[in-house]
């Protein structure tokens, strides 16, 4: 399916403020960026670079006053995500080097503290994809989705205790439980077609069967038509905007439409 997706961010600041955006999707597995428009109002110089996870980042300084950024992309997406219940666990000693960082505990994913829960959750599931699917299903069934119940400091351990949160929290918990079982897992942020209510979305990928597979604990079945913007260890790595000074977000709009 071809999708037109984007977001518009409106800010207010009283002084020049350095800012890093991570708003541009790039062509890759499961998606092809056919066209793209990036508008800044007022227009300011931008330097783009690629971070350590392969994400496209835009570096700029926001002038005093009102500032708006609007990114829109037409993307060809996969209608389904790959599913393989037989994909096996990959022993740590055989993992590619670029997956090893996704085994470690991180700021919001304290996998070293959730080992006992992970063992209880997967039960007798076969090591590999089946274990990750058991984790995805357990989070879906046991964590209540509700806006306003978590904040920027909420971690996987907090969510495991409170049993409530939003897509970011579901994702952090799923990642942490996977890593507790020595399965590499990474956070993904982007767009999901027909997400209700519409917003930017988060899910996770796990490395089993010698490749990355998509898992989304907020959904009751596998869904395609996703547009990935960024990958990282947790939310600290995939922030769509990072400001270095006092700046207020006034409004945010997100859309995903079939072309």
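By how many nm would the segment from residue 246 to residue 61 grow when fully extended, if each residue of separation counts as 0.36 nm and the alpha-carbon distance is taken off?
Residue separation times 0.36 nm, minus the Cα-Cα distance, leaves 65.4 nm.
So how do 168, 2 line up by other beta-carbon neighbours within 10 Å, fewest first?
Numbers: 168 21, 2 13.
The fewest-first ordering by Cβ neighbours comes to 2, 168.
Equivalent-ellipsoid semi-axes (√(5λ), Cα gyration tensor) for region 1-103, whole Å, largest first?
35, 20, 11
So for 253, 144, fewest C-beta neighbours within 10 Å to most, what's the order?
Listing 253, 144 from fewest to most nearby Cβ atoms yields 144, 253.
Got a sec? How would 80, 171 order by Cβ neighbour count within 10 Å, fewest to most? Can you show the working numbers first?
Details: 80 10, 171 32.
Ranking 80, 171 by Cβ neighbours within 10 Å, fewest first, gives 80, 171.
Given the Cα-Cα distance of residue 2 and residue 76 and 0.36 nm per residue of separation, how much length would full extension add, in nm?
Taking residue 2 through residue 76 to full extension adds about 26.2 nm, to one decimal.
With a ≥ b ≥ c taken as the square roots of the eigenvalues of the C-alpha gyration tensor of region 142-243, please select rounded if a/c is under 1.5 and otherwise prolate if a/b is larger than b/c or oblate if it is not? The partial results should precede the final answer.
Numbers: a/c = 1.27, a/b = 1.08, b/c = 1.18.
It is rounded, given that a/c, with a ≥ b ≥ c, falls under 1.5.
Whole-Å semi-axes of region 59-116's equivalent ellipsoid, largest first, each the root of 5 times a Cα gyration tensor eigenvalue?
Ellipsoid half-lengths, sorted descending, are 37, 23, 13 Å.
Counting helices only, and only those DSSP H runs with n ≥ 4, report the 222 nm mean residue ellipticity of the chain as the sum of -39,500 (n - 2.57) divided by its residues, in deg cm²/dmol to the nearest 500. Please report the intermediate quantities before stating the final value.
On the way: 4 runs with 43 residues, N = 259.
Rounded to the nearest 500, the figure is -5000 deg cm²/dmol.
When the Cα centres of region 1-48 and region 182-259 are compared, how far apart do they sit, in Å?
Region 1-48 and region 182-259 have Cα centres separated by 15 Å.
Values quoted throughout were computed directly from the atomic coordinates according to the rules given, and no laboratory measurement underlies them. Quick caveat, the model's predicted, so the values are computed rather than measured. Every residue, glycine as well, gets a Cβ built from its backbone with ideal geometry; the counts of neighbours run over all protein chains shown.
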